[in-house]
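Step one of this worksheet: look at the structure below.
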Amino acid sequence: MFTEEQERVIKEDKDACIIAGPGTGKTFTLIGKIKYLLQNKNISPEKILVLSYAVKTSQELKEKLKKENLNRIRVDTFHGLAYDLWKEHFSQPPPLISEEEKRSILKNLFPKIKKPLFSQENKKVYFEFLKKRGILDFELLLLEVSSLPLPDFEGYYIFIDEFQDTSMEILNFLRCFKKATFFLFGDPNQSIYGFRGVNLYEIKKFWEDFKPRLKLLSLTRSFRCPVEILKFAEKFKISPWEVETFKSDKKGGIVQGFFLENVKEEGKHLTKLVKNFLGGLQLEEQSLFSVSPGEIFVLARIKNVFFYLKDFFISEGIPINFPEETAGESLKMVKMFLKEVESSSLPVENHIETAPSEIKFFLQNLWELSEHEKDKFLIYLKKAETGDFMETKREGVNFLSIHASKGLEADYVILVGAEKGLLPLEIFQDTFPEEEKRLLYVAITRAKKGFYFTSVKERKIFNFKLGGISPYFKDFPVKKIFPTARRPKQKSLF
């Protein structure tokens with residue numbers, strides 16, 4: 001049932017950090033470990049906490065635990081837990097502002113600064129502004145709860161999902177649970193949220209100081225990616241933790257690049273490739289089993305790179321999806337729903353019943369996660385992000401940014417725009433070199449059967465002209481695709 005590595009993780013009693021590679025059964029092992037604590041160590045369910053950053057992840061974990069009859073295990077976001085601790089102490093919910101209100105305040109306080117909270121001085125000014133008005137944002141909530149006289153949480157077991165995505169505000173909040181036993185699950189090679197203030201080196205230092213005896217364990221056997229794909233992904237593993245080479249029982253796997261004259265040729269070639277995946281044309285005498293359109297991802301470092309492909313795919317009758325656009329629309333609906341519920345005295349269930357079908361399932365799950373408490377339900381709604389609505393199950397080839405593809409998988413992944421200046425992204429100033437490598441690692445490890453990429457001689461993005469294959473791909477197999485010569489028109493005999 002479990003691999004040797006998974007068994008080792010499940011039976012570890014002390015604080016542990018589990019580096020779980022792509023498709024290595026992270027959640028399966030996490031649930032197995034919870035069962036082991038309950039059945040073999042007689043730990044009370046009330047003393048087990050499962051925490052994550054994203055609302056969507058918490059919902060999914062709660063649903064999976066429910067299927068295993070582990071209903072009494074507490075699953076929450078870091079901010080949801082902070083909400084409960086505040087409410088327990090003050091006997092009232094925290095006065096939290098929404099993300100829209102936060103953006104408005106920051107715009108007024110720092111009108112000419114793009115990312116004001118990257119400066120500790122600006123953050124201090126902002127927090128003082130909030131405190132004077134008796135309000136909190138989600139970061140300040142974590143900070144304020146950390147200073148409350150809380151129980152010591154001795155005998156508790158805290159599971160953290162995707163530990164590599166935690167900011168310093170979250171980590172400092174976790175100091176409240178000093179006497180608890182921690183199990184961290186995640187893959188630091190998939191840490192791609194530097195723009196949120198996430199820093200792997202700070203995370204590693206924190207855990208070394210906070211839990212100096214933290215044991216490092218690994219899950220290295222991938223059930224998703226075949227050998228060839230993992231071999232190329234290894235080149236882009238970059239983190240402060242040394243991790244063993246990933247393994248797979250799945251032989252083969254396709255890794256192939258294409259270098260084309262221009263974007264028009266790229267579009268023509270990609271539609272042929274995709275039609276081949278769908279069981280249509282055979283490309284370059286390579287026979288492939290057909291897949292559904294939803295099992296194909298077209299990825300790019302920035303979305304502007306692939307928008308022009310829309311017309312090529314439509315003209316060939318290939319169904320397509322843009323999940324980020326759909327998710328953005330769902331988030332707007334949720335924000336409207338939030339305003340409606342905040343100003344209404346009707347039961348929350350009534351509003352959920354009449355909510356748009358696109359968000360109803362999300363709201364029902366969120367109502368369960370909040371244990372039918374209106375104030376907490378509203379807090380989750382305020383914290384909702386576009387990523388909470390990412391859905392790739394619709395019938396169509398999915399076009400996604402690499403960031404949006406994290407946590408997802410497909411049979412075939414096609415990365416468009418493997419040029420100098422795009423990978424790594426150099427046309428903007430606020431990127432992180434190590435993170436650029438990890439983004440490619442994420443892109444490659446989404447693939448269950450084949451990873452493809454394209455590069456062209458010249459591509460225009462915004463006001464930039466880019467071209468030539470990115471140095472990231474120097475050791476990858478690349479085929480040069482030459483434009484097909486036009487057939488001369490036969491002159492009329494009449």
**OP:** Could you tell me which of the residues K112, K102 is within 20 Å of K376 (Cβ to Cβ) and not aliphatic (A, V, I, L, M)?
**Re:** K102
Original post:
Taking E261, is it farther than 20 Å from R459 by Cβ and charged (D, E, K, R)?
Top reply: no
**OP:** Considering each residue of region 185-223, count those that are under 17 Å from the mean Cα position of the chain (by Cα) and not small (G, A, S), and give that number.
**Re:** 12
Original post:
Got a sec? Which of L117, L109, L150 is modelled with pLDDT of 95 or more and of a type outside the set (S, T, Y)?
Top reply: L109
**OP:** Among the residues of region 193-223, write down those that are open to solvent by less than 30 Å² (accessible area, probe 1.4 Å), modelled with pLDDT of 95 or more, within 25 Å of G23 (Cβ to Cβ) and not in a helix (DSSP H, G or I).
**Re:** L217, S218, L219, T220, S222
Original post:
Which helices (runs of 4 or more DSSP H) sit wholly inside region 99-150 and have at least 2 residues that are under 25 Å from the mean Cα position of the chain (by Cα) and closer than 28 Å to V334 by Cα?
Top reply: 99-109, 138-146
**OP:** Consider only pairs whose beta carbons are under 9 Å apart and that are at least six residues apart or on different chains; among these, list those whose first residue lies in region 181-193 and is without any contact (Cβ under 8 Å) to a residue 60 or more places away in the chain and whose second residue is open to solvent by 10 Å² or more (accessible area, probe 1.4 Å).
**Re:** Y193/Y53; Y193/D165; Y193/S167; Y193/H403; Y193/E435
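Please enumerate the residues belonging to region 353-363 that are surrounded by fewer than 18 Cβ atoms within 10 Å (Cβ to Cβ), of a type outside the set (K, R) and in a helix (DSSP H, G or I).
Going through region 353-363, the residues surrounded by fewer than 18 Cβ atoms within 10 Å (Cβ to Cβ) turn out to be 353-354, 356-358, 360-361.
Filter once more, keeping what is of a type outside the set (K, R): 353-354, 356-358, 361.
Matches in region 353-363: E353, S357, E358, F361.
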Original post:
If you scan region 33-60, which residues turn out to be closer than 17 Å to N71 by Cβ and in a helix (DSSP H, G or I)?
Top reply: I34, K35, L37, L38, Q39, P45, E46, K47, S58, Q59, E60
Original post:
With (1) open to solvent by less than 20 Å² (accessible area, probe 1.4 Å); (2) touching a strand residue (DSSP E or B) at 6+ places or on another chain (Cβ under 6 Å); (3) modelled with pLDDT of 95 or more as the list, and G421 as the residue in question, which single condition is left unmet?
Top reply: (3)
Original post:
Restricting attention to region 128-159, and to residues there that are in contact with a strand residue (DSSP E or B) (Cβ under 9 Å, 6 or more places away or on another chain) and of a type in the set (S, T, Y), which single residue is surrounded by the fewest Cβ atoms within 10 Å (Cβ to Cβ)?
Top reply: Y156
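The values are calculated or read from the model by the stated rules, or taken from the named source; none is laboratory data. Quick caveat: nothing in here was measured; it's all calculated off a predicted structure. Cβ sites come from the backbone with ideal geometry, for glycine too, and all protein chains shown count toward neighbours. Just so you know, the surface numbers come from the protein's heavy atoms only, side chains and all, with ligands and any DNA or RNA stripped out. Shrake-Rupley method; radii C 1.70, N 1.55, O 1.52, S 1.80 Å.
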